[in-house]
1. Given C-alpha coordinates of the stretch 236-324, what is the ratio Rg to Rh with the Kirkwood estimate of Rh?
2. What's the Cα-based Rg to Rh of the stretch 294-409, Rh via Kirkwood?
3. Give me the dipole magnitude in Debye, nearest 20, for the chain about the Cα centre, with unit charges on the beta carbon: positive for Lys and Arg, negative for Asp and Glu.
4. Roll a 1.4 angstrom probe over the protein heavy atoms and tell me the percent of accessible area of the stretch 550-607 that is carbon or sulfur.
5. Computed over the Cα atoms, what is the radius of gyration of the stretch 219-282 divided by 2.2 N^0.38 Å, N being its residue count?
6. Toward the positive end of the charge dipole of the stretch 399-551, about the Cα centre and with charges on Cβ (Lys, Arg +1; Asp, Glu -1), which of His447, Thr457, Gly550 goes farthest?
7. Considering the convex hull of the alpha carbon atoms of the chain, report its projected area averaged over all viewing directions, in nm², one decimal.
8. Per residue, how much accessible area does the chain show when a 1.4 Å probe rolls over the protein heavy atoms, in square angstrom?
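The values are calculated or read from the model by the stated rules, or taken from the named source; none is laboratory data. No experiment lies behind these values; they were computed from the predicted model shown. Because the Cβ atoms are built from the backbone with ideal geometry, glycine has one as well, and the counts that use them run over all protein chains shown. Just so you know, the surface numbers come from the protein's heavy atoms only, side chains and all, with ligands and any DNA or RNA stripped out. Shrake-Rupley method; radii C 1.70, N 1.55, O 1.52, S 1.80 Å.
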Amino acid sequence: MRKKILESYLSPLAATLVNLLLAYVVYAIARVAYLLDNWSYFADSLTMEVVQGGLVFDTAAILVTNIPYIVLMLLPLHWKETRFWHRLCQVVFVVVNGLALAVNLCDAAYFPFTLRRTTTTVFSEFQNEQNLGGVLFTETLRHWYFVILFAVVVYGLWRLYVMPRLEARRLSWWRYDLTTLLSLAAVAPFVVAGIRGGFATAVRPITISNANQYVDRPTDAALVLNTPFSLYRTVGKAVFVVPQYFDDEQQMAAVFSPVHVPADTVPMTKKNVVVLIVESFGREYIGALNSTLENGRYKGYTPCIDSLIALSTTFEYSFCNGRKSIDGMPSILSSIPMFVEPFFLTPASMNQVSGIASMLGQKGYQTAFFHGAQRGSMGFMAFARKTGFQDYYGREDFDADSRFNGDEDFDGMWAIWDEPFLQYYCTKMSEMKQPFMTAVFTASSHHPYVVPEKYKTVYPEEGIIIHKCIRYTDMALGKFFQAASRQPWFKNTIFVMTSDHTNLSDHDVYQTDLGGFCSPIIIYEPGSDRQPAILPAIAQQIDILPTVMGLLHYPDPYFAFGIDLLNTPADSTWAVNYLNGVYQYVKHGHVLQFDGQRTRAVYSLRDSLMQHNLAGKVVEQPKMERELKAIIQQYMERMTQDRLQP
C-alpha cells in the first residue's frame with residue numbers, strides 16, 4: 001500500500017529528492033562504521049564540526065556520483081515515462097550508492113595502515129600485485145560484519161527506493177517537458193553549489209585539504225572525508241603545486257637547500273653499507289626505545305633488536321616520512337620525503353633521481369637490492385633500477401638458488417619468510433666484491449599477520465595481531481646478524497636499520513598525528529670505536545642518506561632533503577611529514593602543523609598525546625614556519641622542474 005501511495009503522489013522531482021536523502025543515510029552509516037572500526041583513533045576528538053564537515057563532503061560526493069541518476073530522472077523526454085525506465089533509474093541509484101558504501105567500508109579497514117582516505121594513487125600502488133584476491137578474501141573474512149552491513153544496507157536501499165508517479169499519464173507532452181525542464185533547471189544550481197562546497201565557496205571547489213577546517217587534528221580529516229570524494233577529487237589532478245612563499249631563490253636557499261656540499265677533506269672511507277628496511281617495524285614495538293612507556297613496565301617484542309640497540313647509535317625522536325611502503329623507499333634510499341602523494345606514483349618519478357646506490361656506484365661500489373616478493377611487486381624493482389642498484393634479487397632468484405628451499409619458504413601471500421630470506425641475503429652479500437652497498441626490504445611483519453607453521457606455538461597470539469609477527473621478524477633479524485658477524489666483511493660495514501612505516505597500534509601515544517610516524521633509525525658499526533648512545537636528537541628516514549655519506553666522507557656535492565645526523569647539533573635536527581593536507585614539522589622541542597597557508601597547531605614534544613595547542617605562544621614558531629615554507633617550496637619547485645640533482 002505504501003509503495004502505491006508513493007507511486008501515485010510523488011512527482012519525479014520529489015521522488016528524486018527523497019531518494020537522495022536515502023543516499024545521505026547510506027553515507028552516514030558508512031561514516032559511523034568507519035568511526036567504530038577505528039574508535040581508538042577518533043574517540044577523543046569527536047565534535048559537531050566533524051559531523052558538519054562530513055555533511056559538506058557527503059553532499060559533494062552524493063551529487064557527483066548521482067549525476068547520472070538525477071539526469072535520468074529529470075530528463076525532459078516524454079517517452080521515458082514508463083515503469084521500465086524508472087526501474088532502470090532504481091538500478092542505477094542502488095548500484096552507484098552501493099559501490100559508494102563498499103569503497104567506504106573497504107577504506108575503514110585500510111585506515112589503520114595509512115591514517116588517511118584512499119586516493120587514486122592506490123591503483124598505481126598495487127598494479128603489479130598478483131595476490132590482491134587473497135588479500136581481499138582475507139580482509140573480507142576478518143571484517144565479516146562489514147559484509148553483513150553492506151548486504152543489509154543495499155537491500156534497504158532497494159526496498160525503500162521511492163518510485164515517482166508516471167507524469168506522462170496526467171500531463172500533455174509539452175506540459176510534461178516544460179515541468180521537467182524547469183525541475184532540472186531548479187535543481188542544477190543546488191547541485192553545482194553542493195559539489196563546490198556551498199554557494200559562498202571561493203573560486204576553487206572544495207578539495208581534500210578543506211577537511212582540515214573542521215578538525216583540530218590532521219588524522220581526524222579522514223573521518224570528515226568520504227572515499228568516493230577522495231577518489232574522484234584526485235583523478236588527473238596536478239599533485240605538486242608550487243607555492244610562492246619566497247620570491248628570491250637565494251633567499252630561500254639561505255633558509256633551506258637540499259644540495260649538500262661536503263666540507264671536510266678527509267679521504268673517502270669505502271666501508272660497506274647495508275640498509276635494512278623492516279616491514280612495519282615501528283618504534284612502538286621496540287622495548288629499548290620505550291623505557292618510559294607504561295611507567296617503565298613495557299618490555300616490547302624485540303629482544304634481538306634491543307640487544308643491537310645497546311651496541312648502536314639511535315635517537316630520542318625518530319620518524320618515518322610516510323605511511324606506506326612506497327613512501328619509505330624514496331625517503332630512505334634517495335632522501336625524498338612523501339608530500340601530498342607517494343613520489344614514485346607521480347609524474348615527478350620520471351625526473352632524474354639519485355640515491356645511495358647510484359652515488360656509491362660511481363665510487364666503485366657493487367650494489368644490490370633484495371626483496372623476497374615476486375619481481376615487480378610494489379614497484380620496488382623499478383625504483384631500485386631507477387636509483388642505481390645494479391642487481392635485484394627477488395623471490396624468483398631465491399627459488400633458483402639450490403642452497404635454499406625455494407617456494408617451500410613462500411608465505412603464500414606476499415614473499416619468502418623473513419628468516420630464510422635474510423639468510424639468503426647474508427649469503428649473497430658474502431659473494432659480492434667489497435665495497436658493496438645493499439638494501440633489503442623484509443615482508444613477514446605484515447598483513448595477513450601470520451607466522452610460519454613451525455613457529456605458531458613459539459609466537460602465539462598476544463596483544464594485537466601483529467605482535468607475533470614482530471617477534472618472528474625480530475628473531476629472523478637476530479639470526480641475520482649472527483650469520484653476518486661470521487663474515488669477513490662484517491667489521492667493515494655500516495648497518496642502518498629502519499622501518500618502512502608504522503602499523504597497528506595499541507598505545508595512545510602512537511595513535512596521535514605524530515605518533516603514527518614513529519619509526520626507529522638504528523646505526524650499527526661493529527668496526528667503529530663510536531660509543532653506543534640514544535642521542536637527544538630528532539631523526540627521520542630522509543636523514544639516512546646524508547648520514548651515511550658523512551660516515552663515508554663522501555667527497556662530492558649531492559642532493560638530499562635530510563641532514564647528516566652525526567655532524568649536526570642536536571638542536572638543529574628536525575623532521576617533516578605530511579598527513580591529510582597538513583605538514584608536520586618537528587624541531588626545537590615542538591611539532592608545528594601547517595596546512596600550506598597557516599599554522600593550525602603547535603605542540604610540545606613532551607605533550608605526547610598532543611592535547612595542548614600552543615600556537616601563538618611558542619617563541620620559535622615564526623622561525624619554524626619560515627623553515628618549513630622553504631622546505632615545501634624547494635620540494636615543489638624541484639619536483640616540477642626536474643631538479644633532483646645537485
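1. Numbers: Rg = 20.2 Å, Rh = 18.2 Å.
When Rh is taken as the Kirkwood radius, the ratio is 1.11.
2. Working: Rg = 17.6 Å, Rh = 16.9 Å.
Here Rg/Rh amounts to 1.04.
3. Numbers: 53 positive and 58 negative charges, 408 e Å.
It comes to approximately 1960 debye.
4. Details: 790 of 1790 Å².
For the stretch 550-607, the apolar C and S fraction of the accessible surface comes to 44 percent.
5. On the way: Rg = 21.2 Å, N = 64, 2.2 N^0.38 = 10.7 Å.
Cα-based Rg divided by the globular estimate yields 1.99.
6. After comparing all options, I get Gly550.
7. Numbers: hull surface 127.5 nm².
Hull-based average projected area comes out at 31.9 nm².
8. Counting only protein heavy atoms, the per-residue value for the chain is 41 Å².
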